[in-house]
Amino acid sequence: MKNMHKKFKSKFMLDPEIVYLNHGSFGACPKNIFNSLIKYQKLLEFEPVKHLAHDVFEYLEKSRESLGNYINCNKDDVVFSPNPSTALNTVIRSLDLNDGDEILTTNHEYGALDKTWKYICKKTGAKYIQKIIPLPLESKEDFINNFAEGITKKTKVIFLSHITSPTALIFPVKEICKIAREKNILSIIDGAHAPAQINLDISDINPDIYVGACHKWMCSPKGVSFLFSKKEYQNKIDPLVISWGYEPDKINNNQFIDYHQWQGTRDMSAFLTIPETINFLEKNNWREVTKECYKINLWAKKEINSLLNEEELSTDEFNGQMCSFYYKSKKDLNDFNIKFYLKYKIQLPFIEWNDKTLFRISIQAYNSKNDINVLLNALDDLK
């Protein structure tokens, strides 16, 4: 797709003065999808009672059906949540964990969820085991074998990112979920970065629990994520908020949906935009877009590591539209992030990870090699 960025840059509302290489953090929403959000908000304000008490549930079912078709799962096995952290907190707080139970994960997980697990473990006496996955990561087999070594008779849950946040690596979750099934271990996958960055097929992965964000790489409005659960676990997942969905007179005749869909008065307009979001992706041949972004990302990976004379974190098979890089240590990263942004007008995150400093780039449809060249010039200036 030649000159892809020219076609798509005008479809987004991003500040034209900023080189935006941080789609992975909060995403960005195209204008026409954002307009659909406003449409549903207007319907809410036009007749609030009719909308919230009746119409919204029909719209939600259409959204769940559209999402289910897109990620290949049954619409009745998925509910919406404002963000992956909320969805995963809902699951984690519902687990029956006891003293000595082990949750096996890696040292590449999202920091907020590390905190959630540590909080729960402190209350229950369970142990959060972070298996060290050394870098560079060179093969799926190396990862699978290394991770599986952490499984013990006490392992009750496997928690794994599909695409890691700090290191931007695609983990072989399908293979790990298979191992979990064979050993009767609950598999929980944090897929915040997966939908629309890679082709997501829930049925093929076959996890017990899968959580994903729509407002990142699917480009929906902010505040749209989903929680998928196999049917045998759905009635074990308690909602964070007990409201009218608890023992309802008759809404969906589905406890999983009733419990988690009706949680007090809230604006669910963002959830309703999923059909329009998926239509945007399909209309614009998004699978070809992601392939082009992948090419730019791999080119950027070589150029940046060459400039910095740093080792790559992995072979290319572990990359999608994001890539992380080692960077010389900075004592105050918050201050450095602000100064870097103000001086170079580039939006990307510098983070601390396992006593190292990393920065991460995200390549989306509106990005070009010229954006990477701007970054290369900035990094060269800082040498």
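The values are calculated or read from the model by the stated rules, or taken from the named source; none is laboratory data. If you're wondering where the values come from, they're calculated on a predicted model, not measured in any experiment. Note that each Cβ is placed from the backbone with ideal geometry, even for glycine, and that neighbours are counted across all protein chains shown.
Which condition number in (1) over 28 Å from ASN107 (Cα atoms); (2) surrounded by 13 or more Cβ atoms within 10 Å (Cβ to Cβ); (3) among the β-branched types (Val, Ile, Thr) is the one that THR265 fails?
(2)
For ASP142, which of the numbered conditions (1) within 28 Å of GLU317 (Cβ to Cβ); (2) in contact (Cβ under 8 Å) with a residue 60 or more places away in the chain fails to hold?
ASP142 satisfies all of (1) within 28 Å of GLU317 (Cβ to Cβ); (2) in contact (Cβ under 8 Å) with a residue 60 or more places away in the chain except (2).
Against the conditions (1) assigned to a helix (DSSP H, G or I); (2) of a type outside the set (Ser, Thr, Tyr); (3) within 24 Å of the chain's Cα centre (by Cα); (4) closer than 25 Å to MET322 by Cα, where does LYS178 fall short? Just the number, please.
LYS178 satisfies all of (1) assigned to a helix (DSSP H, G or I); (2) of a type outside the set (Ser, Thr, Tyr); (3) within 24 Å of the chain's Cα centre (by Cα); (4) closer than 25 Å to MET322 by Cα except (4).
Residues of region 310-349 being of a type in the set (D, E, K, R), over 21 Å from ASN370 (Cβ atoms) and assigned to a helix (DSSP H, G or I), which ones?
Residues satisfying the conditions are ASP316, GLU317, ASP335, LYS339.
What is the number of the single condition among (1) touching a strand residue (DSSP E or B) at 6+ places or on another chain (Cβ under 7 Å); (2) surrounded by fewer than 17 Cβ atoms within 10 Å (Cβ to Cβ) that LEU342 does not meet?
Among (1) touching a strand residue (DSSP E or B) at 6+ places or on another chain (Cβ under 7 Å); (2) surrounded by fewer than 17 Cβ atoms within 10 Å (Cβ to Cβ), the lone unmet condition for LEU342 is (1).
Can THR277 be described as touching a Pro at 6+ places or on another chain (Cβ under 7 Å), surrounded by 22 or more Cβ atoms within 10 Å (Cβ to Cβ), in contact (Cβ under 8 Å) with a residue 12 or more places away in the chain and closer than 30 Å to LYS11 by Cα?
No: the conditions fail for THR277.
Is it the case, given these coordinates, that ASN146 is more than 17 Å from THR105 (Cβ to Cβ) and surrounded by fewer than 20 Cβ atoms within 10 Å (Cβ to Cβ)?
So ASN146 does not fit the description; no.
Would you pick out the residues in region 280-300 that are assigned to a helix (DSSP H, G or I) and polar (S, T, N, Q)? Break it down into steps so the answer makes sense when it comes.
Step one: list which residues in region 280-300 are assigned to a helix (DSSP H, G or I), which gives 280-283, 286-300.
Those that are assigned to a helix (DSSP H, G or I) and polar (S, T, N, Q): THR290, ASN297.
Restricting to region 10-40, count the residues that are of a type outside the set (A, V, I, L, M), part of a helix (DSSP H, G or I) and either crowded, with 16+ Cβ neighbours inside 10 Å or modelled with pLDDT under 95 (or both).
Residues meeting the conditions: 5.
Just to be sure, is LEU200 touching a residue at least 60 places away in the same chain (Cβ under 8 Å), closer than 18 Å to ASP77 by Cα and in contact with a helix residue (DSSP H, G or I) (Cβ under 7 Å, 6 or more places away or on another chain)?
Taking the combined requirement at face value, the residue satisfies it.
Anything in region 41-64 that is surrounded by fewer than 16 Cβ atoms within 10 Å (Cβ to Cβ) and without any contact (Cβ under 8 Å) to a residue 12 or more places away in the chain? List them, or say none.
Scanning region 41-64 gives LYS42, GLU45, PHE46, GLU47, PRO48, VAL49, LYS50, ALA53, HIS54, GLU58.
When ILE120 is evaluated against the numbered criteria (1) without any contact (Cβ under 8 Å) to a residue 60 or more places away in the chain; (2) over 13 Å from LEU88 (Cα atoms), which criterion, by number, is the only one it fails?
Tallying (1) without any contact (Cβ under 8 Å) to a residue 60 or more places away in the chain; (2) over 13 Å from LEU88 (Cα atoms), ILE120 fails exactly one: (2).
Would you point out the residue of region 280-335, among those that are among the hydrophobic types (A, V, I, L, M, F, W, C) and surrounded by fewer than 16 Cβ atoms within 10 Å (Cβ to Cβ), that is farthest from THR164 (Cα to Cα)?
Looking at residues that are among the hydrophobic types (A, V, I, L, M, F, W, C) and surrounded by fewer than 16 Cβ atoms within 10 Å (Cβ to Cβ), I get LEU307.
Any idea which of ASN253, ASN309, ASN279, ASN284 is touching a Lys or Arg at 6+ places or on another chain (Cβ under 9 Å) and among the polar types (S, T, N, Q)?
Going through ASN253, ASN309, ASN279, ASN284 in turn, the sole match is ASN284.
How many residues are surrounded by fewer than 23 Cβ atoms within 10 Å (Cβ to Cβ) and under 26 Å from ILE176 (Cα atoms) if we restrict to region 210-237?
Adding up the residues that qualify gives 8.
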